[in-house]
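These notes concern the structure reproduced below.
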Amino acid sequence: MSLFDGLKNTDMRVKLPVVCFIWELAMIILFGVFIRYNPQADAHYIVNNSNTTYLNEFYFRYPSFQDVHVMIFVGFGFLMTFLQRYSFSAVGFNFLVAAFGIQWALLMQGWFGSLDYSTGKILIGVENLINADFCVASCLIAYGGVLGKTSPVQLMIMTLIGVTLYAVEEYIILTLLNVRDAGGSMVIHIFGAYYGLAISRVLYRPKLNQEKNGSVYHSDVFAMIGTLFLWLFWPSFNSAISNTGDGQHRAMINTYVSLSSSVVTAVAISSLTQKKGKLDMVHIQNATLAGGVAMGTASEMMVSCYGALIVGFCCGIISTLGFVYLTPLLESKLHIQDTCGIHNLHGMPGLIGGIVGAITAAAASEAVYSREGLVSLFNFNGAFANRSASTQGGYQAAGICIALAFGLVGGTVVGFILKLPFWGDAPNENCFEDNIYWEVPEEEEEEDKKSSLAGSTYVNHGNNKPAEP
Amino acid sequence: MSLFDGLKNTDMRVKLPVVCFIWELAMIILFGVFIRYNPQADAHYIVNNSNTTYLNEFYFRYPSFQDVHVMIFVGFGFLMTFLQRYSFSAVGFNFLVAAFGIQWALLMQGWFGSLDYSTGKILIGVENLINADFCVASCLIAYGGVLGKTSPVQLMIMTLIGVTLYAVEEYIILTLLNVRDAGGSMVIHIFGAYYGLAISRVLYRPKLNQEKNGSVYHSDVFAMIGTLFLWLFWPSFNSAISNTGDGQHRAMINTYVSLSSSVVTAVAISSLTQKKGKLDMVHIQNATLAGGVAMGTASEMMVSCYGALIVGFCCGIISTLGFVYLTPLLESKLHIQDTCGIHNLHGMPGLIGGIVGAITAAAASEAVYSREGLVSLFNFNGAFANRSASTQGGYQAAGICIALAFGLVGGTVVGFILKLPFWGDAPNENCFEDNIYWEVPEEEEEEDKKSSLAGSTYVNHGNNKPAEP
Amino acid sequence: MSLFDGLKNTDMRVKLPVVCFIWELAMIILFGVFIRYNPQADAHYIVNNSNTTYLNEFYFRYPSFQDVHVMIFVGFGFLMTFLQRYSFSAVGFNFLVAAFGIQWALLMQGWFGSLDYSTGKILIGVENLINADFCVASCLIAYGGVLGKTSPVQLMIMTLIGVTLYAVEEYIILTLLNVRDAGGSMVIHIFGAYYGLAISRVLYRPKLNQEKNGSVYHSDVFAMIGTLFLWLFWPSFNSAISNTGDGQHRAMINTYVSLSSSVVTAVAISSLTQKKGKLDMVHIQNATLAGGVAMGTASEMMVSCYGALIVGFCCGIISTLGFVYLTPLLESKLHIQDTCGIHNLHGMPGLIGGIVGAITAAAASEAVYSREGLVSLFNFNGAFANRSASTQGGYQAAGICIALAFGLVGGTVVGFILKLPFWGDAPNENCFEDNIYWEVPEEEEEEDKKSSLAGSTYVNHGNNKPAEP
């Protein structure tokens, strides 16, 4: 490690552009070879649908898609701005990684799920875009675990491999095993969290300078923008690819109810565990969302509103307790430095969500769902026509293990790749600082003092950097 | 009062968790006993609707619901962040109160409006979620009146009783009297504003320290996030539960037009009333929204676009003048300390909205609406089949009085409850400060000075607080 | 110019209210005379559509409209908050100008496009509101070019004339010439950018004080809110008024793909052109959006996903290079002071978008589109029934020239009007400062020092300004 430190060079001037150009050119070629519009988005659509354009998939998925899209870029991006001097990287690298990741996800998920075998083309429409956002979400969760400690090149590699792993894992779980996971408690949250934690473990920095690993007043308010948009649009996230009609409707209600419950218990535990009963912004920013994560699998099932309330109730508690007691232990005992606490927000609630989904599926009955409802919801068609609800429950449980395994093994491998000394990550003393990778507006002491004497209204933030160089 | 001051203890460590847990457990039990999915969200839906899932209520209400949802949590939450050191409480307590309130609102409004009498169950769907958000909006308006002066426990009590009162008032006005109020000028804004003002009156603090009752540069920019999302989504607010088709369409247009007009006049009056013609951010943040409040009742009616423009024109003026002249008078003469100026944004424009609605309803004619349109819009069916437009106008006016009475009487009673000395509200000298209830990132003078000498770029905001304890 | 400087008086107390009142009163009168609901929003709708309310235009356009609406007010507003002390003006004047502009646009565009000749009335519905937002977008782009240097009265004049020019230009291009431009690469971006640049040229200030023309840390984060909402909702912008069904679906996909590509190349070039490979926030805030601008014309065409990727790829590069090399040249050689770099974000990408559209249209074939698709997309009906694809390509190219001419000539004329000395623009030394036109929370040195000694947590931002005067 000390050897590696000596070699570190955080100058991105060659590495980052090279990676960006090579990968983007690859995307153009692969898109050219493989990607076409699906019939709902093709100009031939009108030939057979001139009187039923209102049935275009677009109208059933696009509002949900946009909500999910906001979550990925504004939600995740701003949630991570809480650090005092890492907001540019939080929101900026999130932007870069997600924008690249969705392209690669369209290809990877397309090969596994939307390939037209007669032509060899991937046919894409709005549902593919939602799935690409979902896929990228898992990589952004992992980013939360290593926030402040990685270079943008490392993040690009993490995303390239992460998206690849995700597509395989998702294919095994959702397609081969016919597991239901509309909001991705397993495929997104468990995978993403343990992928990030495994990477963070391998990249452990025993001498990490924690001085900048904390918030300032306004950065905490910025982070609340992320929290709120995640919280508000989580019902869309969990219902975006559910069956149209009652499926989307129910998934949205369950998630909404569960989320509202975890806010109340997160506040309660935050107050209970802090001296003088003061609330901690970290808990409010994160644990309030646990109810959404944990409804990712069961949201479209008949889990009942009070069931959703109980799930949110428990997850708000567990997640907050995780921040208070488990995160410090993870660092001291297991050497996992989890910057954003993704184990508390995505790891544990994801596991709970998977288990709740397995139980709910195993308990499904025709009395509650109707025969048609059961077949439709759990896709008991074709090869799965004879599967019983309890068997489905078993497969759901298997899905948890697979997601976990992909995350841990994949993350460990990626961790060792990222540990190679030439990716330009920051030395220990410059972690959590934007100014390694960003042109940060500079203070000028002399001018500040002068302005201060002259009664300037904003003395400490003055700078002369022109908007354009 | 001096006796009470002596007893005050702002430590929330026992009170707040106890209240949160008891109330959330009560929600779980009540949801378990009462709340079920309505047929549009139930898995049996497919049995009768397999070919018409596109007619599911979800598709007609969900985009509007999400807009309203953003208004409640981001809109109201960020609008109140304008205070220099109260942003955590503004956005955080807004979050807590709204998340709890929507649960209780689903129950209260359900008993009055969505009860299936054959089973005794409340059947919920997306429209109920919109109504729950509406209900909570009234409590958040009231929060604006007492912002900076109450403990979270007091806010929870305000919300519990506020939601209860709202449900009763709404049932009387909308159901028993068949008054139309789709965007809630009366049931939401008049009730909420006078509920909050009455509480604020009872909790009057003659020695309130106003030093922190003001904004800083960046807190004013944060508040504009709230303002803009409220302004942008207000057309959704006023059209969310209107009749599908032309009703929603027209309600949205009227609100959009009215809002655009109040921006222009709010700016004009702000410049006119300030020395040197400088604009005041308080007016831009608030009075620009008055046109939306005032279209709450009449938006779905054939009020005509120029009618909507006139309403917005007047309300932008009145609301801004209220901030300049009336708010200081309310404090000095009536001892009402209205932190956010809810009387100017919700009280007066709500009253105007109620009156405009009554006049527009009284003037409704078959020539303008068509017979079917009139029956459909004003629900002249069943017991109300023979009601004339002018009679409807009278009932609309009665609705104003009922909402006002519920707000004033309910608020006074709640005020005296909140005045009991053990709820943990802040002493006069600590009002408008987050650090009574929140762990606020701390400045460390020594380190700051050191960093400053070392040329640090952000000297005044440095702190060592780790992200997770 | 020195003469003019001497005459300058930035007091808005009379000018701004007078302009606001006169123009808003004119709006009320003109709305009263001309504007009515269209049949989709009129109460008579139910007479013929009681069973098909789900086909109301509202449901196909409203979610897109709201996305566009957010872009106009939050997107443009916050994108311009990047200046260190001009955030109030950025977001506030954007709000004023847009709110007034949409009213005038409803009228202007209505006279040219939605006039019912039998009654002489303009019939408006949701599509008109989208078009009004589009129209205003062009004026806000122009605002970006003069940001920090104009008074609100000048902006109101710029908007009044800009909207007027836009409506004429749009009528010629889209209606008379039957050019396709759903996302407005030509009618919105080219026109808006060159309108703003021409004004900026005429208003050239050789002695402009650039000291405040730069960002501070938090203002850059605020600007990212604008960037992200623009980026996220651009697919809605480019698809909002496309043909329903596959048209909207395809337009959205193309824009999404193009935008994702320009993020990657903007980051690459930003890193490549800065010393030490550090990223520049200005590029991330702006050039990432270039892919959306450049898909404005071709988005609804069968441009193919990899075609969209290539467009985004190129525009990300060109736009970033523009910020690095062209903007300084524009100022030094052509005396165009382009505060936000609108030439890089809207000018050049708009031109590229127009050209891509012309080529794609010229290459359109029945094999790719189907006969029905071709007729439907390019409106080869009525007078245009015999137009060939290649002819259409020629008309598309003509559209570019017309938009450019309107922008340059119109902007020059408006520039000279705005140069008259009585509009209250800031003197050179006070440009880029809010406190000429806004009541800015003031620092009080004495109190700050006192608080600082007392251990206050936020010493530099304290002020005593009450929320309401």
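Things worth noting here:
- Neighbours by Cβ (under 8 Å, 6+ apart or cross-chain): first from segment C:212-236, in a loop (DSSP other than H, G, I, E, B); second of a type in the set (Lys, Arg): C:LYS212/C:ARG85; C:GLY214/A:LYS465
- Residue match in segment A:5-12 (condition: closer than 30 Å to C:LEU272 by Cβ and modelled with pLDDT of 95 or more): no
- Some residue of segment C:238-245 being over 21 Å from A:PRO63 (Cα atoms), over 18 Å from the mean Cα position of the chain (by Cα) and more than 8 Å from chain A (Cβ to nearest Cβ): no
- The set of residues in segment C:52-93 being under 20 Å from C:ASN243 (Cβ atoms), over 18 Å from the mean Cα position of the chain (by Cα) and open to solvent by less than 10 Å² (accessible area, probe 1.4 Å) consists of C:ASN56, C:PHE58, C:TYR62.
- Test: residue in segment C:325-345 that is within 10 Å of chain A (Cβ to nearest Cβ), more than 21 Å from C:ALA198 (Cβ to Cβ) and either of a type outside the set (Val, Ile, Thr) or touching a residue at least 40 places away in the same chain (Cβ under 8 Å) (or both): yes
- Close contacts from segment A:118-139, counting a first residue that is of a type in the set (Lys, Arg) and a second that is at pLDDT 95 or above and surrounded by fewer than 24 Cβ atoms within 10 Å (Cβ to Cβ), with Cβ to Cβ under 8 Å and a gap of 6+ residues or different chains, come to A:LYS121/A:PHE34; A:LYS121/A:ARG36.
- Qualifying residue in segment C:274-285 (condition: more than 8 Å from every other protein chain (Cβ to nearest Cβ), under 30 Å from A:GLN84 (Cβ atoms) and buried (at least 24 other Cβ atoms within 10 Å of the Cβ)): yes
- Residues that are surrounded by fewer than 24 Cβ atoms within 10 Å (Cβ to Cβ) and part of a strand (DSSP E or B) do occur in segment B:94-115.
- Taking segment B:286-308 as the range and being open to solvent by less than 10 Å² (accessible area, probe 1.4 Å) and facing chain C (nearest Cβ under 10 Å) as the test, the residues that pass are B:THR288, B:GLY291, B:GLU300, B:MET301, B:CYS305, B:ALA308.
- Flag if C:ILE46 is β-branched (Val, Ile, Thr) and open to solvent by 20 Å² or more (accessible area, probe 1.4 Å): yes
- Residue within segment C:66-80 that is more than 10 Å from chain B (Cβ to nearest Cβ) and not in a helix (DSSP H, G or I) present: no
- When we screen B:PRO441, B:PRO421 for residues that are open to solvent by less than 20 Å² (accessible area, probe 1.4 Å), closer than 29 Å to B:VAL91 by Cβ and at pLDDT below 95, the only hit is B:PRO441.
- Of all the criteria given as (1) facing another protein chain (nearest Cβ under 8 Å); (2) surrounded by 24 or more Cβ atoms within 10 Å (Cβ to Cβ); (3) over 19 Å from the mean Cα position of the chain (by Cα), the one not satisfied by A:MET252 is (3).
- Within segment B:136-183, the set of residues being among the basic types (Lys, Arg) and open to solvent by 20 Å² or more (accessible area, probe 1.4 Å) comprises B:ARG180 only.
- Segment A:237-255: number of residues that are assigned to a loop (DSSP other than H, G, I, E, B), among the small types (Gly, Ala, Ser) and under 16 Å from A:VAL68 (Cβ atoms): 2
- 1 or more residues under 26 Å from the mean Cα position of the chain (by Cα) and within 14 Å of chain B (Cβ to nearest Cβ): qualifying helices (runs of 4 or more DSSP H) within segment A:353-442: A:371-378
- Residue in segment C:204-218 that is under 25 Å from C:TYR395 (Cα atoms), among the acidic types (Asp, Glu) and open to solvent by 10 Å² or more (accessible area, probe 1.4 Å) present: no
- Count of residues meeting criterion [touching a Ser or Thr at 6+ places or on another chain (Cβ under 9 Å) and more than 7 Å from chain A (Cβ to nearest Cβ)] in segment B:23-38: 2
- Test for A:GLN84: is it facing chain C (nearest Cβ under 10 Å) and at pLDDT 95 or above: no
For every residue, the table says whether it meets (1) closer than 14 Å to C:LEU96 by Cβ; (2) at pLDDT 95 or above; (3) among the aliphatic types (A, V, I, L, M).
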{"position": "B:SER239", "(1), (2), (3)": "no, yes, no"}
{"position": "B:GLN248", "(1), (2), (3)": "no, yes, no"}
{"position": "B:GLN274", "(1), (2), (3)": "no, no, no"}
{"position": "B:LEU279", "(1), (2), (3)": "yes, yes, yes"}
{"position": "B:GLY292", "(1), (2), (3)": "no, yes, no"}
{"position": "B:MET301", "(1), (2), (3)": "no, yes, yes"}
{"position": "B:ILE310", "(1), (2), (3)": "no, yes, yes"}
{"position": "B:THR320", "(1), (2), (3)": "yes, yes, no"}
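- Among the conditions (1) closer than 28 Å to B:ILE35 by Cα; (2) buried (at least 24 other Cβ atoms within 10 Å of the Cβ); (3) more than 9 Å from chain B (Cβ to nearest Cβ); (4) of a type outside the set (Asp, Glu), the only one that A:ILE317 does not satisfy is (2).
- So C:VAL311, is it among the β-branched types (Val, Ile, Thr), open to solvent by 10 Å² or more (accessible area, probe 1.4 Å) and farther than 16 Å from C:HIS343 by Cα: yes
The values are calculated or read from the model by the stated rules, or taken from the named source; none is laboratory data. None of these values were measured; they are calculated from a predicted model. When we count neighbours, we look across all protein chains shown, and the Cβ atoms used for this are built from the backbone with ideal geometry, even at glycine. What goes into the accessible areas is simple: the full protein's heavy atoms, side chains included, and nothing from ligands, DNA or RNA. Shrake-Rupley method; radii C 1.70, N 1.55, O 1.52, S 1.80 Å.
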